[in-house]
There are 2 protein chains.
Amino acid sequence: MAAETTVRIGLLGFGTIGSSVYRLIQKEHGQIVEATGVDLQVVRILEKDVNLERPGVPQDLFTDDIRTILEDPSISIVVEVIGGIAAAFSFVEAALMAGKNVVTANKQLLANRGAHLFELAKDMGRQIRFEASVGGAIPIIRVMRESMIAADIHTVFGIVNGTTNYILTAMYRGEGGYAETLKRAQELGYAESDPTDDVNGADAAAKMAVLGSIAYKSRVTMADVDYEGIEKVTAEDVAYARDLGFVIKLIGAARLVDDRVSVRVYPALVPQSHPLAAINGSYNAVFLQGHVIDEIMLSGPGAGGRQTASAVVADIVSIVSTKTAGFLQNCSCYKVLDFMPAEDMCSAFFIRMKVEDRAGVLAQIASAFGEQQVSIQSMIQKGQGDEAELVLITHPTVERGFHAAVEKIAGLSSSKGAPVFMRVL
Amino acid sequence: MAAETTVRIGLLGFGTIGSSVYRLIQKEHGQIVEATGVDLQVVRILEKDVNLERPGVPQDLFTDDIRTILEDPSISIVVEVIGGIAAAFSFVEAALMAGKNVVTANKQLLANRGAHLFELAKDMGRQIRFEASVGGAIPIIRVMRESMIAADIHTVFGIVNGTTNYILTAMYRGEGGYAETLKRAQELGYAESDPTDDVNGADAAAKMAVLGSIAYKSRVTMADVDYEGIEKVTAEDVAYARDLGFVIKLIGAARLVDDRVSVRVYPALVPQSHPLAAINGSYNAVFLQGHVIDEIMLSGPGAGGRQTASAVVADIVSIVSTKTAGFLQNCSCYKVLDFMPAEDMCSAFFIRMKVEDRAGVLAQIASAFGEQQVSIQSMIQKGQGDEAELVLITHPTVERGFHAAVEKIAGLSSSKGAPVFMRVL
């Protein structure tokens with residue numbers, strides 16, 4: 001079948017993702033023409049070092065001058081896979097102003113400057129698509145934007161960071177503590193040499209900002225997300241959780257409660273029977289819950305060059321096949337929703353603490369919880385010499401009350417060290 | 001925000017799905033305008049009994065004459081939710097010929113007459129969309145058609161019938177045998193009063209024909225699908241499977257092997273650790289596997305009026321927001337692929353048989369398998385008086401050889417009754 005439309009693409013960046021996008025377009029070219037009638041051609045690649053030899057890629061595609069791309073009227077789509085915020089922002093902004101459509105895989109860019117770019121795209125009558133920014137080949141953005149129009153979504157939650165899931169899975173399987181499994185993840189390429197943004201929750205937070213923005217048609221930026229990582233999760237926590245029937249996962253959750261938005265990332269105890277407990281290694285999974293659909297789950301490998309490239313290519317084809325601007329792509333209907341203070345949210349908690357092993361201590365602790373209307377669902381107590389370790393799971397409770405109770409308990413003379421606590425899904 | 005586009009809809013059928021579509025469009029009208037700029041209006045409903053009072057629905061919307069809809073030039077989209085094949089086919093055909101776009105939830109129609117309707121839609125420059133035909137609110141069709149353009153899918157498999165999954169889940173949980181749990185499913189509304197098409201695999205087969213057609217851009221009709229149901233699955237099979245670490249599920253699988261297509265539906269043993277084992281009750285789940293994406297899974301409630309209506313509404317909005325005809329929607333690139341004979345496929349098998357409990361019998365059986373290059377992975381033997389029950393799991397093997405071995409074993413003088421066998425996922 002002959003191509004109906006030729007689409008000329010300017011590619012910004014030729015790292016892991018950029019080169020995967022280029023190779024995928026070459027490899028699947030015939031398949032894409034056949035399936036869609038679109039003849040995709042990468043005609044320019046922006047890279048600092050234009051003289052580096054890259055086998056299989058014509059040297060004359062490379063340029064180190066963004067203007068070569070911006071000023072070429074035959075280029076209709078710019079694919080940004082440079083990463084980082086500053087340069088990527090300037091390039092994407094300039095591309096939209098030059099009348100190009102944009103595909104980006106850059107969650108940090110969107111989580112920090114998305115509002116401006118979406119607005120600009122709308123004003124220019126152009127599209128900005130970003131499936132690859134969250135969940136690799138899992139088409140979560142498309143599903144939320146295009147299939148959940150009437151679904152009345154109120155909760156989006158799941159596992160959106162592969163590195164931390166890899167580490168937590170290894171810890172659960174007893175393959176070592178946090179530092180040890182992180183080191184192995186780095187050796188195997190599941191964690192970067194600087195894993196900071198993954199393990200401290202920032203990567204997941206940026207993704208949840210993107211998902212929260214779309215789910216509730218609001219503007220959620222990085223600064224609006226409460227996040228914590230897995231650095232403090234110990235092998236002991238994992239073992240206790242397992243004994244109680246739970247797996248620890250780094251959970252991202254974007255909820256709409258009484259027309260207020262809450263977007264958070266935190267390690268949580270997930271029941272072993274919950275489908276998220278079966279999402280292991282570097283896999284990601286996202287649940288969408290709404291009154292109309294009940295819930296659907298999407299899962300798959302969370303990242304990887306090939307998978308991300310597949311999402312970029314699908315975005316390119318979508319731009320060609322949908323009407324420019326207007327609804328779905330650049331919705332002009334963003335609402336300014338308030339955020340729900342974290343302390344007003346309800347959660348169940350796991351708490352682990354060391355106390356003196358003597359009469360009356362348990363009563364003090366129970367009364368501290370009782371005063372704050374925190375009720376206990378289950379408890380394990382282990383003696384260790386003259387100390388006892390208490391592990392409790394609470395029923396869902398307002399977080400403010402739980403934190404007040406923990407503060408009081410930490411201050412008791414019978415308390416040995418600060419209690420460790422985590423939410424329960 | 002004011003609506004940018006008014007879309008007038010003719011609704012064919014006002015049963016469970018039709019009335020859910022109507023109600024959803026009324027209830028989420030403001031939300032849909034806000035999110036998409038599209039003002040959806042159901043202006044005509046085709047129903048036999050136009051005089052029946054239906055609370056909340058203006059009487060004058062109803063007509064018993066399809067021409068009222070076909071000849072109204074202001075109606076741009078016809079939604080077919082009548083079900084059945086003959087009338088639905090005539091109406092959809094006439095709607096396309098009258099220049100309307102079509103949304104249908106009718107898997108039987110597509111599995112039997114889809115090729116003709118897709119061709120007609122292309123010739124008329126109109127769209128036919130059918131997300132609701134498979135998996136309720138799970139957007140599997142959209143994901144396959146629009147997000148997997150360059151994913152090189154080679155396998156689509158999963159659980160696509162909610163009724164049988166409900167029954168098998170109940171049997172696994174020890175709530176009774178097949179007949180008993182089917183009866184309870186009917187009482188609770190999870191199975192229809194005539195459950196034939198669900199329990200014999202025909203419903204799942206129609207859905208797999210639709211998925212196979214899209215995945216491999218080929219034409220898979222109902223007649224091309226090998227299917228069997230769950231009527232013969234016994235409580236004993238379920239119990240043995242559980243002891244061996246498996247759950248029995250009704251699996252639909254569409255595979256591309258050496259450029260040939262195989263689409264089948266059969267009950268199979270699924271390892272308890274496999275994500276499909278956690279898909280319980282009336283939930284559905286579909287895995288997509290391809291070289292580029294590895295695999296992604298989508299799951300959710302398989303049917304239900306609200307969920308199906310949500311998929312119909314998303315299809316309506318998609319028609320408005322994508323360019324008419326052409327690629328993605330009505331791909332003109334269907335290939336005529338050969339089908340892979342079932343006997344040439346490879347599967348592992350579970351087999352259960354009663355034999356005389358005497359020396360030499362096991363050797364006969366082992367040799368029957370050995371002659372066909374079928375190797376055994378695990379075995380349980382139980383004595384029952386002068387009979388023994390043998391339960392075996394084979395390694396993956398060409399099905400032709402397995403069937404030849406089973407035939408030989410059934411003919412042995414030591415064999416007591418026909419062996420029972422099922423595939424292993």
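The values are calculated or read from the model by the stated rules, or taken from the named source; none is laboratory data. Model, not experiment: these values are computed from the prediction. Don't worry about glycine lacking a Cβ; one is built from the backbone with ideal geometry, like all the others, and counts go over all protein chains shown. Remember, those area values only see protein heavy atoms, side chains included, never the ligands or the DNA or RNA. Shrake-Rupley method; radii C 1.70, N 1.55, O 1.52, S 1.80 Å.
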√(5λ) per eigenvalue of the Cα gyration tensor, the protein assembly as shown, largest first, Å = 41, 40, 30
message = Could you work out the pair-distance distribution P(r) of the range B:60-165 from its alpha-carbon pairs, with 10 angstrom bin width and percents rounded to whole numbers?
response = 13, 41, 32, 12, 2
Leading residue at positive end of dipole, the range B:58-162 (Cβ point charges), from B:H154, B:I138, B:F91 = B:H154
remark   = Flagged as over-length at 27 Å C-alpha distance, from B:K232/B:K416; B:K48/B:K249; B:K107/B:K232; A:K207/A:K416, the pairs are B:K48/B:K249; A:K207/A:K416
ask   = Can you work out ³J(HN,Hα) from phi for every residue in the range A:229-234, in order, using Karplus 6.51 cos²θ - 1.76 cosθ + 1.60 and θ = phi - 60°, giving whole Hz and x for Gly and Pro?
value = x, 10, 4, 9, 6, 9
task = Let me have the relative contact order for chain B, percent, based on Cα pairs under 8 Å that are six or more residues apart.
result = 16 percent
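If I stretch the segment between A:T155 and A:R358 completely, what's the gain in nm (0.36 nm per residue apart, minus their alpha carbon distance), one decimal? Walk me through the numbers before you get to the answer.
Working: separation 203, 0.36 × 203 = 73.08 nm, distance 4.40 nm.
Working it through step by step, the gained length comes to 68.7 nm.
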key: Amide hydrogen neighbours beyond the local backbone of A:S414, cut-off 5 Å, H modeled   = none
note = Honestly the range B:222-332 on the Cα gyration tensor test (a ≥ b ≥ c root eigenvalues; a/c under 1.5 rounded, otherwise a/b vs b/c for prolate or oblate) is just prolate
message = Run the paramagnetic zone check for A:H403: 7 angstrom along Cα to Cβ, then residues of the range A:228-270 with backbone nitrogen under 20 Å.
response = A:228-233, A:251-258, A:260-269
request  = Kindly provide the GluC sites (Glu not before Pro) of the range B:1-67 that DSSP labels as loop, not H, G, I, E or B, and whose Cβ sees at most 10 other Cβ atoms within 10 Å.
outcome  = B:E53
query = Which value at 222 nm does the protein assembly as shown reach when only helices count, each DSSP H run of 4 or more adding -39,500 (n - 2.57), with the total divided by all residues and rounded to the nearest 500 deg cm²/dmol?
reply = -10000 deg cm²/dmol
query = Convex hull over the alpha-carbon atoms of the range B:228-273: what's its volume per residue in Å³?
reply = 77 Å³
key: Phi to ³J(HN,Hα) by Karplus 6.51 cos²θ - 1.76 cosθ + 1.60 over the range A:85-97, Hz, x for Gly, Pro   = 9, 4, 5, 4, 4, 4, 5, 5, 4, 5, 5, 4, 5
ask   = When each copy gets a label point 7 Å from Cα toward the beta-carbon at A:G189, what are the spacings between them in nm, shortest first?
value = 5.1
message = Straight-line reach only, C-alpha to C-alpha below 12 angstrom: list the aspartates and glutamates that B:K335 could link to, leaving out same-chain residues fewer than 8 apart.
response = A:E34, B:D259
Alpha-carbon Debye profile of the range B:117-216, log10 I(q)/I(0) at 0.12, 0.14, 0.21 Å⁻¹ = -0.52, -0.66, -1.08
ask   = List the trypsin sites (Lys or Arg not before Pro) in the range B:341-386 that DSSP assigns to loop (not H, G, I, E or B) and whose Cβ has at most 14 other Cβ atoms within 10 Å. Which are they?
value = B:R358
inquiry  = Using the crude model of +1 on Lys and Arg Cβ and -1 on Asp and Glu Cβ, and no other charge, please compute the dipole size for chain B relative to its Cα centre, in debye to 20.
reply    = 460 debye
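If you place +1 on the Cβ of every Lys and Arg and -1 on the Cβ of every Asp and Glu, how big does the dipole about the Cα centre of the protein assembly as shown come out, in debye to the nearest 20?
The calculated dipole for the protein assembly as shown is roughly 320 debye.
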query = Given the convex hull over the Cα atoms of the range A:1-140, what projected area results after averaging over all orientations, in nm²?
reply = 8.6 nm²
ask   = For the pair A:E236 and B:Q272, what calculated FRET efficiency results from E = 1/(1 + (r/R0)^6), where r is the Cβ-Cβ distance and R0 = 35 Å, to the nearest 0.05?
value = 0.80
Sorted largest first, extent of the range B:149-286 alpha carbons per principal axis (Å) = 44, 33, 22
key: Cβ neighbours within 10 Å from other chains - mean over A:277-289   = 2
inquiry  = What is the ratio of the Cα radius of gyration of the range B:248-293 to 2.2 N^0.38 Å, with N the residue count, to two decimals?
reply    = 1.30
ask   = On the first, second and third principal axes, largest extent first, how far apart are the outermost C-alpha atoms of the range A:335-400 in Å?
value = 58, 20, 16
ask   = Of the beta bridges DSSP finds with both residues in the protein assembly as shown, what % are antiparallel, to the nearest 5?
value = 65 percent
query = In whole percent, how big is the carbon plus sulfur part of the accessible area of the range B:162-266, probe 1.4 Å, protein atoms only?
reply = 45 percent
message = Placing the label point 7 Å from Cα along the Cα-to-Cβ direction, what are the distances from A:E175 to the equivalent spots in the other copies, shortest first, in nm to one decimal?
response = 3.7
key: In the range B:158-249, trypsin sites (Lys or Arg not before Pro) in a DSSP loop with at most 14 other beta-carbon atoms within 10 Å   = B:R173, B:K232
task = Could you work out how far apart the two model spin labels at A:R8 and B:Q41 are, taking each label as a point 7 Å from the Cα in the direction of the beta carbon, and quote it in nm?
result = 4.4 nm
ask   = Which shape class, rounded, prolate or oblate, goes with the range A:372-425 when its Cα gyration tensor gives a ≥ b ≥ c as root eigenvalues, a/c under 1.5 marks rounded, and past that a/b bigger than b/c marks prolate?
value = oblate
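Starting from the alpha-carbon convex hull of the range A:28-78, give the projected area averaged over all orientations, in nm².
Mean shadow area of the hull around the Cα atoms is 4.2 nm².
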query = In terms of the Cα gyration tensor, with a ≥ b ≥ c the square roots of its eigenvalues, is chain A rounded because a/c is under 1.5, prolate because a/b exceeds b/c, or oblate?
reply = prolate
